[in-house]
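K.L.:
Before I ask anything, here is the structure I am working with.
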Amino acid sequence: MNKFLMILGSTAICLSACNDNTTDKKESPVIDTTSVTVAPPAPAVSTLCYQNILNKDTTDLQLTITGNNMVTGQLTYNRFEKDDNKGDITGEKKGDTLFAFYTFQSEGMRSVREVIFLKKDNALVEGFGDLEDKNGRVVFKDRSKLKFEGGGLKLVDCK
């Protein structure tokens, strides 16, 4: 009977050792891919500079255009023997036309004016027309009647 209990005990120890493998195994971590957020690629950004020098007057425009056609930049009008206008533009590019608002300082006052430029070859030609004040901004009365004349601002290297 002693032999029988010894064999039975040895068998039980052996079986329990064989079945207890799960405690030594490490489970792989489960990654929940449904909650992973992938950021969209950043829109392409380009910076372009334009300039027009006519007699003793200079106009400089630096534009930053993102891939979604949003435009920001700086616009400066240096008029001979007159106060300079210098400020920021914010707007959008639609096809070959740039629609923006120009926020600038002149004669110690802050002003906001609509500006529209039409791209012709490697130049931007500013549109001119009748203006009106709407909610503190000077805007064009009728965009369809704008005149785009002159050589415009030529594409130049940014400094």
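The values are calculated or read from the model by the stated rules, or taken from the named source; none is laboratory data. The shown structure was predicted, so the numbers you read here are calculated from the model rather than taken from an experiment. Quick reminder, even Gly has a Cβ in these numbers, built from the backbone with ideal geometry, and neighbours come from all protein chains shown.
K.L.:
So which residues in segment 134-148 are surrounded by fewer than 10 Cβ atoms within 10 Å (Cβ to Cβ) and under 18 Å from residue 120 (Cα atoms), if there are any at all?
P.N.:
144 - this is the single residue of segment 134-148 that is surrounded by fewer than 10 Cβ atoms within 10 Å (Cβ to Cβ) and under 18 Å from residue 120 (Cα atoms).
K.L.:
Which one is surrounded by the most Cβ atoms within 10 Å (Cβ to Cβ), of the residues in segment 46-58 that are under 20 Å from residue 149 (Cβ atoms) and either modelled with pLDDT under 95 or polar (S, T, N, Q) (or both)?
P.N.:
Checking each candidate, the answer is 52.
K.L.:
State whether one or more residues within segment 105-112 are assigned to a strand (DSSP E or B) and modelled with pLDDT of 95 or more.
P.N.:
Yes, because at least one residue in segment 105-112 is assigned to a strand (DSSP E or B) and modelled with pLDDT of 95 or more.
K.L.:
Taking the residues in segment 132-149 that are without any contact (Cβ under 8 Å) to a residue 12 or more places away in the chain and outside any loop (DSSP other than H, G, I, E, B) as candidates, determine which candidate is farthest from residue 52 (Cα to Cα).
P.N.:
Result: 134.
K.L.:
Give me a count of the residues in segment 59-102 that are more than 19 Å from the chain's Cα centre (by Cα), in a strand (DSSP E or B) and surrounded by fewer than 16 Cβ atoms within 10 Å (Cβ to Cβ).
P.N.:
The total comes to 3.
K.L.:
Hey, does segment 109-127 have a residue that's surrounded by fewer than 17 Cβ atoms within 10 Å (Cβ to Cβ), of a type in the set (Lys, Arg) and over 19 Å from residue 45 (Cα atoms)?
P.N.:
Among the residues of segment 109-127, at least one is surrounded by fewer than 17 Cβ atoms within 10 Å (Cβ to Cβ), of a type in the set (Lys, Arg) and over 19 Å from residue 45 (Cα atoms), which makes the answer yes.
K.L.:
Tell me, yes or no, whether segment 117-138 has at least one residue that is closer than 15 Å to residue 62 by Cβ, among the aromatic types (Phe, Trp, Tyr) and at pLDDT 95 or above.
P.N.:
Within segment 117-138 (the criterion being closer than 15 Å to residue 62 by Cβ, among the aromatic types (Phe, Trp, Tyr) and at pLDDT 95 or above), the answer is yes, since at least one residue qualifies.
K.L.:
I've got another one for you. Can you name every residue in segment 112-131 that is touching a strand residue (DSSP E or B) at 6+ places or on another chain (Cβ under 6 Å) and in contact (Cβ under 8 Å) with a residue 24 or more places away in the chain?
P.N.:
Selection gives 112, 113, 114, 115, 116, 117, 118, 122, 123, 124, 125, 126.
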